[in-house]
Amino acid sequence: MGKFTDYKLQLKSLPEGVHKMSFKMGKPFFINMDNTDIHDANLVADLELTYRNGIYDLNFHITGEVVVLCDRCLDDLVFPIDTTYHIVVRYGDKYNDEGDEYLEIPESDTYLNVAYMLYDTVALAIPIKHVHPLGKCNRQMSALLKKHRSERQPDEIDDFDSDADFEIEGGDVIETDIPSSDEEKTDPRWDKLKNLKSEE
């Protein structure tokens, strides 16, 4: 049995009408997809397939949760998934997937494997940045991050630092906005250049 046998739709054997089915996606699904970002998952994809006049109209609704690592504290972050995907499939002379919502498959294919459709739909539903809500990050890691930031020079700050700063108050980790450019300390190198100009 193949890794994604459970995700095959036997299109040629389907009678005309509306068909409903569901697919489960857990941790093994994403391991088989060689995805290292998703550490765990509990997802269900409900499919409503309408077949009429040689056209297969597929509507997926995927719900559940995935577990990824928080970009800040590296603890597990449970992210809810509630997304949809629609595609129209029909048989033709050759394989054609040029459209986002249209797929043509050759007559020789008796089934359609939807595993990669489901995988791509879930992957697109997950934000690029994985960050806990305010105050939910690992306290020890957040404190270390705050200490590390305070020791860095202004020209060492990267894009990740521009989002938020951290403070420890009463044992709780809170996020504060980084000061605006007007409030930031000036670069000492620019100060020296300004002094040189004023001496001329």
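Summing charges over all other residues whose Cβ lies under 13 Å from the Cβ of Val78, with Lys and Arg as +1 and Asp and Glu as -1, gives -3.
Is segment 20-143 best put as rounded, prolate or oblate by its Cα gyration tensor, with a ≥ b ≥ c the root eigenvalues, rounded for a/c under 1.5, and otherwise prolate when a/b is larger than b/c, oblate when not? Prolate, because a/c is 1.5 or more and a/b exceeds b/c.
The listed peptides 46-58, 111-123, 3-15, ordered by packing as a protection proxy, come out as 111-123, 46-58, 3-15 (highest mean of other Cβ atoms within 10 Å first). Under the combined filter of DSSP loop state and at most 13 neighbouring Cβ atoms within 10 Å, segment 68-124 retains these trypsin sites (Lys or Arg not before Pro): Lys94. Sorting Met25, Met141, Met33 by accessible area puts them as Met141, Met33, Met25; the probe is 1.4 Å, largest comes first, and only protein heavy atoms count.
The loop-placed chymotrypsin sites (Phe, Trp or Tyr not before Pro) in segment 73-105, going by DSSP, that have at most 12 neighbouring Cβ atoms within 10 Å of their Cβ come out as Tyr95.
Compared with the direct C-alpha span, the chain from Ala123 to Val88 gains 10.5 nm at full extension, assuming 0.36 nm per residue.
The values are calculated or read from the model by the stated rules, or taken from the named source; none is laboratory data. Quick caveat: nothing in here was measured; it's all calculated off a predicted structure. Cβ atoms come from the backbone with ideal geometry, glycine included; neighbour counts cover every protein chain shown. Remember, those area values only see protein heavy atoms, side chains included, never the ligands or the DNA or RNA. Shrake-Rupley method; radii C 1.70, N 1.55, O 1.52, S 1.80 Å.
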